[in-house]
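Scroll down for the structure; my scribbles are underneath it.
The values are calculated or read from the model by the stated rules, or taken from the named source; none is laboratory data. Owing to the predicted nature of the structure, the values given are computational and were not obtained by experimental measurement. Cβ coordinates were reconstructed from backbone atoms using ideal geometry, including for glycine residues, and neighbour counts include every protein chain displayed.
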Amino acid sequence: MISGFVSLDSIPLEPHYQAARQNGTIQAAEWDEGMLLLGLQAAAWRVPFLPTRAGLGSDVMKNMADLRTVTSPYATVLPGQNDGGEFEELLAVPALELDAALVHQNAADISGNSVWLGEDPFMDDLFVRAAQRSYVSTERILPTTELAGLGDIAHLKISRMDVTGVIEAPHGAHFTECLPDYSRDEAFQKRYAATAKSDEAWDEFRAEFLDIDEAGYQAKVKELQV
């Protein structure tokens, strides 16, 4: 598992990931977030790697022995230098080629053109373009003309050319946020996080909320919010 960080935002470290990492039940590569972005970008551009200074001089290089560096073919001339500059050693971030990606958007049309209205796009467009197959779940499916009127071009980051399939899934990002449609369900998130304490707690949570269909899950969530 490769990540920039694994967090629930208001809960800094995802507790199930923390337990799996500490118990050694998963293989994890913990990159810098900038490295993760470049790995996805490299895959989206179909190039084997992209160079960066991110990660150099940090424990990322020490802990991830499979990472490599490359020497820039172009000299970097810093202000005040008169010697022609130097050929920097840069970290070569390998392309993160994904088998599949699933992202959730505020709205989409039936072809996969998608609109995200929140302030942070969360690299969703890069995940979609880095994957062999990409799927969009959305709060609502709209006619293309109506979709185009929801926001400016900055909100239309995902194109139908990169999307394999679309499904309408209202409230599909719960318990996380899908602004401005809804914010994070902090109470439910705390309930989920508490299940990392024991296998019994997780089994109970899974039986109540996950081993049922989507309609049943959403109905239970509404009951808790009353």
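Tabulated data for the structure shown
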| read-out | value |
| --- | --- |
| Residue match in region 156-172 (condition: surrounded by fewer than 17 Cβ atoms within 10 Å (Cβ to Cβ), under 18 Å from the mean Cα position of the chain (by Cα) and at pLDDT below 95) | yes |
| Elements of type helices (runs of 4 or more DSSP H) contained in region 178-226, each with 2 or more residues being under 26 Å from residue 120 (Cα atoms) | 186-194, 214-225 |
| Unique match (being farther than 15 Å from residue 156 by Cβ and at pLDDT 95 or above) among 75, 108, 95 | 95 |
| Yes/no for residue 196 being in contact with a His (Cβ under 7 Å, 6 or more places away or on another chain), farther than 27 Å from residue 37 by Cβ and not assigned by the TED database to the domain that holds residue 12 | yes |
| Boolean, residue 147 is part of a helix (DSSP H, G or I), without any contact (Cβ under 8 Å) to a residue 60 or more places away in the chain and crowded, with 17+ Cβ neighbours inside 10 Å | yes |
| All positions within region 100-141 that are of a type in the set (Lys, Arg) and closer than 26 Å to residue 38 by Cβ | 129, 133 |
